[in-house]
Structure formats: structure tokens, C-alpha cells
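Visitor: What follows is a structure written as C-alpha cells; I'll ask about it next.
None of the figures in this text is laboratory data; all of them are computed from the coordinates on show. Computed from a prediction, not measured in an experiment: that's the story for all the values here. Cβ coordinates were reconstructed from backbone atoms using ideal geometry, including for glycine residues, and neighbour counts include every protein chain displayed.
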Amino acid sequence: MKKLGNIFSTFVKKTLTSDNLESTLKELNLLLISNDVAIETADALCQKVSESLKGEQISRLTSKKKFLFDILREVVKEILTPEREINLIDEIRNVNKQNKPYVMCFLGVNGTGKTTTIAKIAHYLKKNDISSVAAAADTFRAGALEQLSYHMQNVGIRVIKHAYKSDPASVAFDAIQHAEAKNVDVVLVDTAGRQVSNKNLMREMQKIVKVAEPDLILFIGDSLAGNDALTQAKEFNKSVGIDANILTKFDADAKGGSALSISYETKKPILFVGIGQGYDDLEPFNIQVFISNILGIKED
């Protein structure tokens, strides 16, 4: 976040004229790209700033910094605002009213903190008086079942699992059947996290989604992975479809570019951000707070 804040604060201090606007925006574009903002996102942001400035007598502005600050705030807000807002608790309760469990499917490559995030979500739901059960549908990675079981035991959530190398979709199916029989509110489906270039993985994900018919498909991305996280999100979105994002290690992300890029590229909301290793270290993503952090500019 600090890096983006530095970039934007430098931009608003520049002596802008109609003649140097284009070169200044090119400079802004390159700085954004070097700080984990995807090329397409940086282009869109600079284009929107340019459109907002067109026709303005820049040299005559009485408070140039404030004017530029307001433009940046509106542009970033537009990029971060999804096509559809999701209130998770309300959505779960609406599905539960139909005597059905709400099914959440988690996608993401290994090492992003996916399993810990599922436990954090289970803990978050529990605090909101919503019961859940986990489906251990990552049946191929050595240690995956034990890892999920360990975290779920810590937050007091049951895990439905089969033997290693069994069909992941059947695990999800059994977990949903269990939830229906026991009146459990939510099913949390953990999935395999092999590389997105793996065609078998994508077919496996598609089968899980076909069988489980999830109400919400979540992509778990590592804030520190930069453009790798964006590539993963785009690939999952194209092959399987995602409804929302969760960004992990957000507390350690000094640049802040991943949130902008993933929001813009997927057009899906960031629901939560991980801010630590504890099960309480999960926060709903707040657009206004994020904008305040990256636009921490003194409007003098």
C-alpha cells in the first residue's frame, strides 16, 4: 500500500500542463506497472484520469492537488467497485430459508494460504451463529487431508473426507448430503491447488462445480504474488468461473497493486483480506479504507 501511496502523492505534486499531461501519465503508468498493477489495469486507470482531466484548464486550477486527489479517488473507487455486491451472511441466510445448505467452493494454487483461509471463514461464520462442514476435495496432494483436518479441528468444524486419490467431486457431494441430513448451514469445499496450466486440474474443478452446484466460488490469491495471482485468477475465472476473491497476506503487501488488478480484471468483488496467521485475522475488504491507505495524500 505504501508504494502506491508514494506513486499517487508524487503524481499530485507534479507541475501539470496541457503539454506535459501525456508524458506525466506515461510515467504514472510505468510506476504502477512496476508496483504489481497489471498492464491493462494501469492503462485503464491512466486513461480514466486522462478523460477526467480533458478540457480542464490545468494551469488555472486553484487547488490542483485536491482536484487530482479527487480524480484519483473516483477512478480507484470505480475500478474497485464490483458489478455485483455480495453480503455473504445475508446470502447464506436466504439460501438456508429454503432448507438448503449454502455451498462455497475455494479455488487457488498451493502456497497461497487457501486451507488456512477456509478455517478463517469457518471461524467467521461460527461467530455469526452459522454452522459449517468442510469437504476435503483435495485428494491428491500428500498431507492435504491432514492439513485441512488440523485447521478445522482447531476451529471446531467437522471434515468430510475420503481416501487419497478418490474422486474429489464425490467428497463434495457427500459433504452436501451430510449438511442436508444434519441441517448444517454451509458446506466449505477445499479443492486441489496445482498450477493453473494443468488441464486435468481444470477439468477436476469443472466436475466439482457441476456436482456441487456451489452458491459461491471463491478465488484465494496471495497479495505478494503480484501478477502471478492475477494470472491465476483470470485462468480460474475463464475455466471454472469465480464469484468473488479473497486476498491473503494483505498485511504484508507494501505495494497494494494486486487488489486493484484483481478487482479490475475479474470484475468480481474482494470479499475478505487475510491480515495474519490467526483464525481471527480475516477482515471484510473495505474499499474506502483501502482508498484512504493508498491515497494517503495531504490535500494542502
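Visitor: Between A142 and A252, what's the calculated FRET efficiency when r is the beta-carbon distance and R0 is 30 Å? Round to 0.05. Write down the numbers at each step before the final one.
Guide: On the way: r = 27 Å, r/R0 = 0.91.
With a Förster radius of 30 Å, E is 0.65.
Visitor: Working out 0.36 nm times the residue gap between D228 and N198, then minus their Cα-Cα distance, what length gain in nm do you get to one decimal? List each step's numbers first, then the result.
Guide: Values: separation 30, 0.36 × 30 = 10.80 nm, distance 1.50 nm.
Value of the extension gain: 9.3 nm.
Visitor: How far is it, in nm, from the label point at Q288 to the one at Q98 when both lie 7 Å from their Cα along the line to the Cβ?
Guide: Spacing of the two 7 Å Cα→Cβ label points: 3.3 nm.
Visitor: With the cut-off at 23 Å, report for the range 130-283 the share of all Cα pairs above it, as a whole percent.
Guide: Details: 4648 of 11781 pairs.
The share of Cα pairs beyond 23 Å in the range 130-283 comes to 39 percent.
Visitor: Here's another thing I want to ask about it. Computed FRET efficiency, Cβ-Cβ of K54 and D90, R0 41 Å: what is it to the nearest 0.05? Let's see the in-between values first.
Guide: Details: r = 41 Å, r/R0 = 0.99.
For R0 = 41 Å, the calculated efficiency reads 0.50.
Visitor: Given a Förster radius of 51 Å and the C-beta distance between N154 and I33 as r, what FRET efficiency does 1/(1 + (r/R0)^6) yield to the nearest 0.05?
Guide: 0.80
Visitor: Viscosity 0.890 mPa s, temperature 25 °C: what is the translational diffusion coefficient of the chain from Stokes-Einstein with a Kirkwood Rh over Cα pairs, rounded to a whole number of µm²/s?
Guide: On the way: Rh = 20.4 Å.
The calculation lands on 120 µm²/s.
Visitor: Restricted to Cα positions, what overall size does the range 94-142 have along the principal axes? Three whole-Å values, descending.
Guide: Over the range 94-142, Cα extents along the principal axes are 37, 20, 15 Å.
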